[in-house]
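Working notes, structure below.
Read the figures in this text as sums done on the coordinates, not as results from a lab. Because the structure is a prediction, the values reported are computed rather than measured. Virtual Cβ from ideal backbone geometry, glycine too; neighbours counted across all protein chains shown.
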Amino acid sequence: MPQVQLPIFPVGTTPLTAELAFERREQQVVYFNGHLPVFTHDVGDLATFRFFTSQLIANGTVSQAEIARGFGVPLRTVKRYIKLYREKGAKGFFTPPARRGSPKLTAERLAEAQGLLEQGRSVPEIGREIGVLATTLHKALDDGRLIRPKKKVRRS
């Protein structure tokens, strides 16, 4: 005859379900199945928290509402991260988000700006002529997309 495991958790834990609880211990969050610790992560490690709780939901261990209630997280946020987990898996939580490029400074405008720089024109002048802010051109100079030509030295 099967024996029922009582939901016995260590003192100070917050139950999520009858089998799963968590506790903050110093700078760690520890998850328990009954009295056995099953997972831990740093308090400030949001990516791991989001990944692990999404995995618990996807496996059917807890519901979205139980995570939202237990951790005080908005249900909409929980749903957003379970969607991310289902679409991209674990790597979706640990890869940096894609950054968009500069829509104003296209390859065509970069080439035009580089040509004007080589003619000795100033950055503000070039910006006005091609319709791009001078700060955008300075950023392109700083990160190497535009190269300031070397000044020619006259020898006598």
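What is the mean projected area of the alpha carbon convex hull for segment 14-94, to one decimal in square nanometres? Before the final figure, lay out the partial values.
Working: hull surface 19.6 nm².
Averaged projected area of segment 14-94's Cα convex hull equals 4.9 nm².
From the alpha carbon centroid of segment 15-39 to that of segment 53-96 is 17 Å.
Note on segment 47-156: with charges restricted to the Cβ of Lys and Arg (+1) and Asp and Glu (-1), its dipole about the Cα centre is near 220 debye.
Output the relative contact order of the chain, whole-number percent, from Cα pairs under 8 angstrom with separation of 6+ residues.
On the way: 144 pairs, mean separation 18.1, N = 156.
Worked out over the chain, it gives 12 percent.
Only aspartates and glutamates eight or more places from residue 139 in sequence, or on another chain, were considered; none has a Cα closer than 14 Å. For a straight C-alpha distance cut-off of 28 angstrom, the lysines reachable from residue 79 (same-chain residues fewer than eight places away being disregarded) are 88, 91.
In this structure, residue 75 and residue 35 have a Cβ-Cβ separation that, at R0 = 41 Å, corresponds to a calculated FRET efficiency of about 0.90. Remark on the chain: ratio of C-alpha radius of gyration to 2.2 N^0.38 Å is 1.84.
With N counted as the residues of segment 67-156, its alpha-carbon radius of gyration over 2.2 N^0.38 Å works out to 1.88.
Students often check this: by mean Cβ neighbours within 10 Å, which of 145-151, 37-43 ranks highest, and how do the rest follow? Present the calculation step by step, with values, prior to reporting the outcome.
Values: 145-151: 11.3, 37-43: 13.6.
Packing proxy ranking, top to bottom: 37-43, 145-151.
Taking 16 Å as the straight-line reach from the Cα of residue 151, the aspartates and glutamates in range (excluding those fewer than 8 positions away in the same chain) are 118.
Here the Gaussian network model covers the chain, with springs between Cα atoms less than 10 Å apart; of 27, 119, 64, 119 fluctuates the most.
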